[in-house]
1. Please go through the range 156-183 and pick out each residue that is touching a helix residue (DSSP H, G or I) at 6+ places or on another chain (Cβ under 8 Å), within 24 Å of M126 (Cβ to Cβ) and either polar (S, T, N, Q) or outside any helix (DSSP H, G or I) (or both).
2. Is there any pair linking a residue in the range 13-38 that is modelled with pLDDT of 95 or more to one that is assigned to a helix (DSSP H, G or I) and within 12 Å of the ligand (Cβ to nearest atom), with Cβ under 6 Å and at least six apart or on different chains, and which?
3. Search the range 223-239 for residues that are free of Cβ contacts under 8 Å to residues at least 12 places away in the same chain and in a helix (DSSP H, G or I) and pair each with any residue that is within 13 Å of the ligand (Cβ to nearest atom) and not hydrophobic (A, V, I, L, M, F, W, C) when their beta-carbon atoms are under 8 Å apart and the residues are at least 6 apart or on different chains.
4. Could you please let me know if L153 is assigned to a helix (DSSP H, G or I), farther than 20 Å from D20 by Cα and touching a Leu at 6+ places or on another chain (Cβ under 7 Å)?
5. If you go through the range 1-19, how many residues are in contact with a helix residue (DSSP H, G or I) (Cβ under 8 Å, 6 or more places away or on another chain) and either assigned to a strand (DSSP E or B) or within 13 Å of the ligand (Cβ to nearest atom) (or both)?
6. Could you please let me know if M113 is over 21 Å from V224 (Cβ atoms), within 16 Å of the ligand (Cβ to nearest atom) and among the aliphatic types (A, V, I, L, M)?
7. Looking at I205, is it within 11 Å of the ligand (Cβ to nearest atom) and buried (at least 20 other Cβ atoms within 10 Å of the Cβ)?
8. Residues being in a loop (DSSP other than H, G, I, E, B), at pLDDT 95 or above and either under 21 Å from the mean Cα position of the chain (by Cα) or of a type in the set (D, E, K, R) (or both): count how many of those fall in the range 103-128.
Amino acid sequence: MEKKAMDRKVCVAPMLDWTDRHERSFLRMISQHTVLYTEMVTTGALLHGKDPERFLTFDQKEHPIALQLGGSDPEAIKVCAAKAADFGYDEVNLNVGCPSDRVQKGRFGACLMAEPDLVAECVAAMAQSGLPATVKTRIGIDEQDSYEFLHELVTKVKNAGCQTLIVHARKAWLEGLSPKQNREIPPLKYDVVYRVKEDFPGLEIILNGGVQTLEQVEDHLTKVDGVMIGREAYQNPYILAEVDQRFYGEAKIKDRSEIVDQLCEYAAEKVAEGVPVKSITRHVLGLFNGLPGARAWRRSLSQNAFKPGSDESVIRRAYEDFLVAGQTRDVA
Ligand SMILES: Cc1cc2nc3c(=O)[nH]c(=O)nc-3n(C[C@H](O)[C@H](O)[C@H](O)COP(=O)(O)O)c2cc1C
């Protein structure tokens, strides 16, 4: 499949352990246009890991797709961004938002907000790949949460060649909160992201954090250029079904039964390559969320996909279980 132009009106967030290849392929069955991000891949894993290709390989159908890097050594970032270009990614993104201890020890993620010159160097290094070099950041860290602090970072990355910024609309506390708490406790401040767009009208600004409906996406799009959805897209993936029609001018919305058919085809292909079917089914538990029978779908997949030798037929069976339970109105 040909590369698609990057139109970042709707994106799905990079999520470690969640947005792997199978998840991305599944989301692509639901929406053709939503921009997808890989999990964060560290420069260390790409340069010194056992099997770097494992992190880089993706299916052509996943376009448009961005590789998210974790790192802060401009030389390493440059080499990794060149790899992203060689593998055919559409964008390379730097993680300046993750607050985990492990990431801080490596001097990357959200703690980099305190080193805007270094982030700018990393951006310049990424841009040498010829790919759009983008940054995903928070609005502040710890006590460094003034608008001026964010403004300085944005100015520096812009001057280094970044034209697209993804802004998670809450700050991060680098100590005392887990990454999960850091996605829930600091309050969301959408106004700060809107203000960045006002002050940098030439930059493409993508808002992230707490978005759960396409109505909310529509509202934010009156103020910013794009919206990135994280947890909701994972837990309730069918939210993306209307994205192509509402935001990209496509005529058709795929129904869930078509998605199940495609999923079975995909799983059959992957199982034949030696992928355990559970590596795929773990990502699709939320497909029927909110419908009668959703619980039966989840239960059936969870019970059967882990059995030795199981294959794509567990998906077909789970769909039948969903249909039967739906008729008896097993509550979601
Ligand atoms: C399981 C999980 C893993 C995540 N991993 C990453 C990551 O690798 N890189 C990153 O920039 N953000 C990561 N995040 C943060 C998300 O990209 C996003 O910024 C955050 O979840 C807020 O968006 P939401 O409220 O729509 O979920 C992760 C979030 C979750 C839930």
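1. If the condition is that a residue be touching a helix residue (DSSP H, G or I) at 6+ places or on another chain (Cβ under 8 Å), within 24 Å of M126 (Cβ to Cβ) and either polar (S, T, N, Q) or outside any helix (DSSP H, G or I) (or both), then N159, A160, G161, C162, L165, V167, A169, A172, L174 are the ones that fit.
2. W18/Y234
3. none
4. Taking the combined requirement at face value, the residue does not satisfy it.
5. Residues that pass the stated criteria total 6.
6. For M113, the condition - over 21 Å from V224 (Cβ atoms), within 16 Å of the ligand (Cβ to nearest atom) and among the aliphatic types (A, V, I, L, M) - is not met.
7. no
8. Number of matching residues: 1.
The values are calculated or read from the model by the stated rules, or taken from the named source; none is laboratory data. The structure presented is a predicted model; accordingly, all values stated were derived computationally and were not measured. Cβ atoms come from the backbone with ideal geometry, glycine included; neighbour counts cover every protein chain shown.
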